[in-house]
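Asks: Quick one: this structure, given as structure tokens, is what I'll be asking you about.
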Amino acid sequence: MNKKIKYLLIFLLISLLFLIRAFESDLFYDPLIVYFQNDYLYTKIPEIDLWKLVVDVVYRYALNSLITIGVIQLVFEKKQFVKFAGFFLMLAFMLLIVVFVFLVKNEFQDGYLFPFYVRRFLIHPLFLLLLLPAFYYQKLNKNKL
């Protein structure tokens, strides 16, 4: 693939991540956005439609995951990296969504910090920031052998 096209596509995918973040209030149901921005230390958790929240978190995670896999494919062009990233993202989602639903159902009884970070991993493309350097390091080590 032409390098200019490759860099343009990477830029477009990363721009999509920024657009998802910029329009999160319009695109997704998430009353926890306002809750964690304000006095979450002193107020009770807001009324939450759990089903609607979970569906929107799944939708958002799927969008971020597809973009993450696209960026990894464009950067490394290795099928095994894409397969691993897909498997990792799927496994992480299954684990995190169960924990998140449990925490929301218990209304953050044990504190707000753990649910805050579990939610953050679900709604933001943090795994892209973890996988890119990991795959780059793997690629460097393979070249040394």
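Okay, residues lined up against (1) polar (S, T, N, Q); (2) under 26 Å from Gln138 (Cβ atoms):
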position: Thr43; (1), (2): yes, no
position: Arg60; (1), (2): no, no
position: Ser65; (1), (2): yes, yes
position: Val75; (1), (2): no, yes
position: Leu91; (1), (2): no, yes
position: Ile97; (1), (2): no, no
position: Val101; (1), (2): no, no
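Asks: Kindly indicate which of Ile10, Ile48 is of a type outside the set (Phe, Trp, Tyr) and either within 24 Å of Leu91 (Cα to Cα) or within 20 Å of the chain's Cα centre (by Cα) (or both).
Replies: Matching residue, one of Ile10, Ile48: Ile10.
Asks: Test Arg60 against the stated conditions and say whether it is part of a helix (DSSP H, G or I), at pLDDT below 95, over 25 Å from Asn2 (Cα atoms) and among the basic types (Lys, Arg).
Replies: no
Asks: Still on this structure: Inside segment 23-45, can you point out the residues that are under 18 Å from Leu122 (Cβ atoms) and assigned to a loop (DSSP other than H, G, I, E, B)?
Replies: Hits for segment 23-45 are Phe23, Phe28, Tyr29, Asp30, Pro31, Tyr40, Ile45.
Asks: Does Ile20 satisfy the condition of being in a loop (DSSP other than H, G, I, E, B), surrounded by 15 or more Cβ atoms within 10 Å (Cβ to Cβ) and touching a Phe, Trp or Tyr at 6+ places or on another chain (Cβ under 9 Å)?
Replies: no
Listed here are the residues, each with its yes/no results for (1) at pLDDT 95 or above; (2) under 17 Å from Gln37 (Cα atoms); (3) more than 18 Å from the chain's Cα centre (by Cα).
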residue	(1), (2), (3)
Asn106	no, no, yes
Gln109	no, no, yes
Tyr112	no, yes, yes
Pro115	no, yes, no
Arg119	no, yes, no
Leu128	yes, no, no
Leu140	no, no, yes
Lys144	no, no, yes
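Asks: For segment 41-83, which residues satisfy the criterion of being of a type in the set (Phe, Trp, Tyr) and either without any contact (Cβ under 8 Å) to a residue 24 or more places away in the chain or in contact with a helix residue (DSSP H, G or I) (Cβ under 8 Å, 6 or more places away or on another chain) (or both)?
Replies: Tyr42, Trp51, Tyr61, Phe76, Phe81
Asks: Touching a Lys or Arg at 6+ places or on another chain (Cβ under 8 Å) and under 27 Å from Phe11 (Cβ atoms): is that true of Phe76 in this structure?
Replies: Yes: the conditions hold for Phe76.
To keep it simple, each residue is scored yes or no on (1) on the phi > 0 side of the Ramachandran plot; (2) in a helix (DSSP H, G or I); (3) surrounded by 15 or more Cβ atoms within 10 Å (Cβ to Cβ).
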{"residue": "Ala92", "(1), (2), (3)": "no, yes, yes"}
{"residue": "Ile97", "(1), (2), (3)": "no, yes, yes"}
{"residue": "Val104", "(1), (2), (3)": "no, yes, yes"}
{"residue": "Gly111", "(1), (2), (3)": "yes, no, no"}
{"residue": "Tyr117", "(1), (2), (3)": "no, yes, no"}
{"residue": "Phe121", "(1), (2), (3)": "no, yes, yes"}
{"residue": "Leu130", "(1), (2), (3)": "no, yes, no"}
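Asks: Exactly one condition in (1) touching a helix residue (DSSP H, G or I) at 6+ places or on another chain (Cβ under 7 Å); (2) surrounded by fewer than 19 Cβ atoms within 10 Å (Cβ to Cβ); (3) part of a helix (DSSP H, G or I) is false for Leu140; which is it?
Replies: Unmet condition: (1).
The values are calculated or read from the model by the stated rules, or taken from the named source; none is laboratory data. Small disclaimer: the values here were computed from a predicted structure and weren't measured. Cβ sites come from the backbone with ideal geometry, for glycine too, and all protein chains shown count toward neighbours.
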